[in-house]
Structures are given as C-alpha cells and as structure tokens.
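Structure record follows, encoded as structure tokens.
The values are calculated or read from the model by the stated rules, or taken from the named source; none is laboratory data. Since we're looking at a predicted model, the values are computed, not measured. So basically every Cβ, Gly included, is an ideal-geometry build from the backbone, and we count neighbours across all protein chains shown.
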Amino acid sequence: MTAHIHGKPYLVTEGDTVRLPFLMHGVQPGDVLRLDRATLVGSREWTLRGSPALPSDSAVESNSDQMIIGRTDGLIPTPQGINDSDTTTSQTGKPRRAPPAYVDERLFTCRATVLGTESEPLRIKEKKKQRQRRLKKVKSKHRYTILKISEIKITGADEVENELGPLEN
C-alpha cells in the first residue's frame, strides 16, 4: 500500500515500522491512527489504484468506472474523459503537479500504532560570513514520530455497496 501522510507517500506493508520526518503533535505512544489516504492498495499481481478526479465542467457521468482495478503490468485502462497529464499550468504559467488520486477510503482499512517519538543528537553548525568576525552557532535537534503498521485489509467493492450504498468519487 502507498499511504500518504501529510502529503508524502510511504510504501508500507503490514508489520512495517515507519519513521516520519516530523513530530506529529497530539499523539501519544499507544494511539491507533487510521490512515485513509492511499494511492495504491494491493499486491504484486493485483492493484487497486485511485483515478484522477473528474473535471467539474465535464459531461462524463460519475460511476464506478472511476476506480481502476486490474493488473499492474502497465496496461491498466483509464476511464474515458479523464485528462491523463500529470501536470497543469498555474496562473503564473509554471507547471505544477496535479493532486494525487486517492483510493476511496471505504475500500480498505489501514491502522497504524504510534510507538513513540525519537530525536537525533544535538547538532551545532557554525555559520560565518566571509571577512566578518561574527560567528553564529545554530542548534538543531529534529524530532521524529515512529509508527507501526498494524493492519491493512482490503474490503470488497460489493460489500461496501451492500452496506453503505453505491461508490462515488
């Protein structure tokens, strides 16, 4: 599964330990988090991946074809009417990445347990400008959050439709 935590992708499997490059505030060791943002869920043979969001002015009907289920050999068809480009242009004319296409959170369950936090040793970097006597010492001690992926479960699309109604974007 490729889970997105604060916009960054992490390739995880059940039982993995993930060291996040930041301190997650408001969590205590032992807390269980539900990771609901994923772009890919599956195995080597079969993959469930999210499709890009449909444009709002498009005449394409919203149906279950938005979820792409198929082989991971690169021959996965995309629904009709969806723009396949990865980049769009902003108002300044610079290209920017399109937001990631997430899998519907009802199709999978991913739980992570907070193991704790750790920090690196205190680093002191000396900053000095050329031909100046002033020497500035900058201290940094980054803190990290450690997660353990405790459960990854894929729910069938037919089970979700029976319980909650038809899948939509």
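In region 16-51, how many are free of Cβ contacts under 8 Å to residues at least 40 places away in the same chain and surrounded by 17 or more Cβ atoms within 10 Å (Cβ to Cβ)?
1
In region 122-139, is there at least one residue being of a type outside the set (D, E, K, R), closer than 30 Å to Thr13 by Cβ and either touching a Gly at 6+ places or on another chain (Cβ under 9 Å) or modelled with pLDDT of 90 or more (or both)?
No; the residues of region 122-139 include none that is of a type outside the set (D, E, K, R), closer than 30 Å to Thr13 by Cβ and either touching a Gly at 6+ places or on another chain (Cβ under 9 Å) or modelled with pLDDT of 90 or more (or both).
Could you check, for region 151-159, whether at least one of its residues is at pLDDT below 85 and loosely packed, with under 10 Cβ neighbours inside 10 Å?
Yes.
Here are the criteria: (1) in contact with a Lys or Arg (Cβ under 6 Å, 6 or more places away or on another chain); (2) surrounded by 14 or more Cβ atoms within 10 Å (Cβ to Cβ). Tell me which single one Leu122 does not satisfy.
Checking Leu122 against (1) in contact with a Lys or Arg (Cβ under 6 Å, 6 or more places away or on another chain); (2) surrounded by 14 or more Cβ atoms within 10 Å (Cβ to Cβ), the one that fails is (2).
Tell me, which strands (runs of 3 or more DSSP E) lie completely within region 1-120 with 3 or more residues that are small (Gly, Ala, Ser) and modelled with pLDDT of 85 or more?
The strands (runs of 3 or more DSSP E) meeting that bar are 108-119.
Determine the pairs where a residue that is touching a residue at least 40 places away in the same chain (Cβ under 8 Å) and under 30 Å from Met24 (Cβ atoms), located within region 121-143, has a partner that is aromatic (Phe, Trp, Tyr) and in a loop (DSSP other than H, G, I, E, B) with Cβ atoms under 8 Å apart, the partner being 6 or more residues away or on another chain.
What qualifies is Arg143/Phe22.
Mind checking which residues of region 1-15 are touching a residue at least 24 places away in the same chain (Cβ under 8 Å), under 12 Å from the mean Cα position of the chain (by Cα) and over 13 Å from Val103 (Cα atoms)?
Ile5, Pro9, Val12
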